[in-house]
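Comments concern the structure below.
The values are calculated or read from the model by the stated rules, or taken from the named source; none is laboratory data. All values derive from a computational prediction rather than experimental measurement. Positions of Cβ are generated from backbone atoms using ideal geometry, with glycine treated the same way; all protein chains shown enter the neighbour counts.
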Amino acid sequence: MLSLTPVRSIEDLRKIKEETYTGIKLRLKDSAVEREIAKYHILVCTGTGCASSKSKLIHQKLEDEIRKRKLEDKVKVIKTGCFGFCKLGPIIVIHPDRTFYTKVELEDVDEILDQHIENGQIVEKLLYKSVKTGELQKTIDEIDFFNHQMRIALRNCGVINPEDIREYIALDGYMALADILTKKIPAQEIIEEIKQSGLRGRGGAGFPTGLKWEYTASYEGDEKFVLCNADEGDPGAFMDRSILEGDPHSILEAMIIAGYCIGAKQGYVYIRAEYPIAVERLEIAIDQARRIGLLGSNILGSSFDFDLDIRIGAGAFVCGEETALIQSVMGFRGEPRPRPPYPAEVGLWEKPTLNNNVETYANIPVILRKGARWFAGIGTKDSKGTKVFALAGQIKNTGLIEVPMGTTVRTIIYDIGGGISNDKNVKAVQCGGPSGGCLPAEMLDKEIDFKSLTDIGLIMGSGGMIVMDETDCMVDIARFYLEFAQDESCGKCVPCSIGTKRLLEILEKISSGQGEMEDLERLENLCYEIKDSSLCGLGQTAPNPVLSTLKFFRDEYIAHIKDKYCPAGVCNGLLKVVISDDKCIACGICARICPVNAITGEHKKPPFRIHQDVCIKCGACIARCPVNAIYKH
């Protein structure tokens, strides 16, 4: 456990900052530290992605080996959060030369210490190889993936040890809070600064953050509460999780400031149980903040009291909706309720409650330190600042990125993402998870911001971005997201629980080759009825994937219905597994492994035959055929 001295004034905080900054300035790009300095910081990513690839064991082995070699005075090993380049984990960055090592394995530890630390030589086999030029890129500053990004919410991820509050303080952490409490800045003045910044909620709805704070502050109540929504449930999304794993104190500081602004003394972080590393680091951060005196009573010698606790969710997607989240925090079944009244007036235990998501809070301390004008100067007219995206799918460089609002989809895919895997053609980009929609390839130059997406019937959502190529079937994509939404519906309102079931049945009918042209009209009508009459955001946005694919990829629906054909070769109900007469060598492997005995033939007398009325299209024969003679058609 860290030895922490309680802070009672801004001067105490500044002292910690000065003492700790000296130790971490090796890691800063603009540091004046001499490059010849005989000291190294080895930063090991221990976020979920890298941890799943044994980065914690690598971290431990580095520490053990450094002790054995008596290198403690020369080398310091630091665990960090996510660097963002998730595809290449485990990742190690060595400072001050900023060398970026990828796909590090346990057996590489000795070579890194022997070659890099003791002899100053780069371990070239661990360097990133550019997907554009094929050249090895030595430092984090050279890598294409990072060059088009601007990190505000992710500013400390991959830089500091998230389990050491002193490192957060060293990079101006808690200084915005200290400035407010020391100068006794009026709450309305702080709220006005946030309003002027143009910050909008990053959880999906995009509501102006300053206005939400102002509304909550305006309601009278003997108690008020601050909530953080960390119930990130979109398939493929890991933005909030990574911030909590890499920079939990930024969220704590923002929530304390929010409590000051609205008149609350208690806050809760609602996080799903599937995020064990984030939960652990939140617990550590809260404990350290309490011990140092930044949570609890009389914070920094002021009369302001505020404390935080964690509430663990069971992973229900609907609990991302704020009224369902509130029910769950109070210990009830996570079901939404009608609005109004909004949580700003009637929230936790029927008291005024402020609720923002993790990424929204992560921007607050920076805005208050650098000013609203600085933040408002980033982005577009209607969407200020940056946005964090979880970039996944058929793309070469997957991971977590942060770009200014207004960045084009093309820039994200080709300049940051490195282009489409296997050099195929991009077909669509799915934005916003189950609540979002699909952007077609002809719109790759569309700027990503709140207005540009809503203008074409899509939403940004919380920031999931899945890239698809010509091997993806858009009917199947719509079916997948509808299946998820239907499964996650809480069942409280009929339009959502029953309506999404009917939508899913029509999509399954079409993808199995049983569809009729009249089904397209039924789909659209039902989509709008569900959107207009569902109780909460889950039901109101569940039809978006269907509507967007119908709008931009209607020809694929027609091909499934009229031609009984899936252009992408995905929908099993419209495919046949066949054996090529020319390639088959009659080895009989396919017949032996077929689970339903659908393949017949005589050994060494080609070709073998697949009986279509028996075949279940499992693909086992395709995978085992030694001459690639079996394929789906």
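Just one of (1) within 29 Å of GLY539 (Cα to Cα); (2) touching a residue at least 40 places away in the same chain (Cβ under 8 Å); (3) among the acidic types (Asp, Glu) trips up GLU350, so point out which.
Of everything listed in (1) within 29 Å of GLY539 (Cα to Cα); (2) touching a residue at least 40 places away in the same chain (Cβ under 8 Å); (3) among the acidic types (Asp, Glu), GLU350 misses just condition (2).
I'm checking my understanding of the structure. Among residues of region 493-537 that are touching a residue at least 40 places away in the same chain (Cβ under 8 Å), closer than 18 Å to LYS564 by Cα and touching an Asp or Glu at 6+ places or on another chain (Cβ under 8 Å), which one is surrounded by the fewest Cβ atoms within 10 Å (Cβ to Cβ)?
Among residues in region 493-537 that are touching a residue at least 40 places away in the same chain (Cβ under 8 Å), closer than 18 Å to LYS564 by Cα and touching an Asp or Glu at 6+ places or on another chain (Cβ under 8 Å), the one surrounded by the fewest Cβ atoms within 10 Å (Cβ to Cβ) is SER511.
For region 273-290, does any single residue satisfy the condition of being surrounded by fewer than 19 Cβ atoms within 10 Å (Cβ to Cβ), closer than 20 Å to THR182 by Cβ and out of contact with any strand residue (DSSP E or B) (no Cβ under 9 Å at 6 or more places or on another chain)?
No, that holds for no residue.
Within region 538-561, track down each residue that is buried (at least 22 other Cβ atoms within 10 Å of the Cβ) and under 20 Å from TYR342 (Cα atoms).
Selection gives LEU538, GLY539, THR541.
Go through region 311-336 and give me each residue that's free of Cβ contacts under 8 Å to residues at least 60 places away in the same chain and touching a helix residue (DSSP H, G or I) at 6+ places or on another chain (Cβ under 6 Å).
If the condition is that a residue be free of Cβ contacts under 8 Å to residues at least 60 places away in the same chain and touching a helix residue (DSSP H, G or I) at 6+ places or on another chain (Cβ under 6 Å), then ARG311, SER328 are the ones that fit.
Go through region 109-126 residue by residue and tally those that are at negative phi and surrounded by fewer than 19 Cβ atoms within 10 Å (Cβ to Cβ).
11
Would a scan of region 132-149 turn up a residue that is part of a strand (DSSP E or B) and in contact (Cβ under 8 Å) with a residue 24 or more places away in the chain?
Yes.
Yes or no, residue by residue, for (1) over 28 Å from the mean Cα position of the chain (by Cα); (2) closer than 18 Å to ASN356 by Cβ; (3) in a helix (DSSP H, G or I):
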position: GLU220; (1), (2), (3): yes, no, no
position: GLY233; (1), (2), (3): no, yes, no
position: ALA254; (1), (2), (3): no, yes, yes
position: TYR268; (1), (2), (3): no, yes, no
position: ARG281; (1), (2), (3): no, no, yes
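Within region 453-464, which residues are touching a Gly at 6+ places or on another chain (Cβ under 8 Å) and either without any contact (Cβ under 8 Å) to a residue 12 or more places away in the chain or under 22 Å from ASN425 (Cβ atoms) (or both)?
Across region 453-464, the qualifying residues are LEU458, GLY464.
Looking at VAL109, VAL33 in this structure, which one is over 30 Å from GLY301 (Cβ atoms), modelled with pLDDT under 90 and not small (Gly, Ala, Ser)?
Criteria check complete, one pass: VAL33.
In this structure, does GLU232 turn out to be touching an Asp or Glu at 6+ places or on another chain (Cβ under 9 Å), of a type in the set (Asp, Glu) and either in contact (Cβ under 8 Å) with a residue 12 or more places away in the chain or within 30 Å of SER3 (Cα to Cα) (or both)?
When the stated conditions are applied, GLU232 passes them.
Which pairs have Cβ atoms under 6 Å, sit 6 or more apart or on different chains, and link a residue in region 552-575 that is of a type in the set (Val, Ile, Thr) to one that is part of a loop (DSSP other than H, G, I, E, B)?
Listed pairs, sorted by first residue: ILE561/GLY515; ILE561/MET517; VAL570/CYS473.
On the basis of being basic (Lys, Arg), under 30 Å from GLY393 (Cα atoms) and outside any helix (DSSP H, G or I), does ARG202 make the cut?
Yes; evaluated as a whole, the condition is true for this residue.
Would you please name the residue that is nearest to MET1 (Cα to Cα), looking only at residues in region 155-174 that are in a helix (DSSP H, G or I) and of a type in the set (A, V, I, L, M, F, W, C)?
By that ranking, first place goes to ILE165.
When GLY537 is evaluated against the numbered criteria (1) over 24 Å from MET468 (Cα atoms); (2) at pLDDT 90 or above, which criterion, by number, is the only one it fails?
(2)
Which of (1) of a type outside the set (Ser, Thr, Tyr); (2) in a helix (DSSP H, G or I); (3) farther than 22 Å from GLY23 by Cβ is the odd one out, the single condition GLN121 does not satisfy?
Condition not satisfied by GLN121: (2).
Among VAL409, VAL475, VAL403, which is out of contact with any Cys (no Cβ under 8 Å at 6 or more places or on another chain), of a type in the set (A, V, I, L, M) and modelled with pLDDT of 95 or more?
One residue alone meets the criteria, VAL403.
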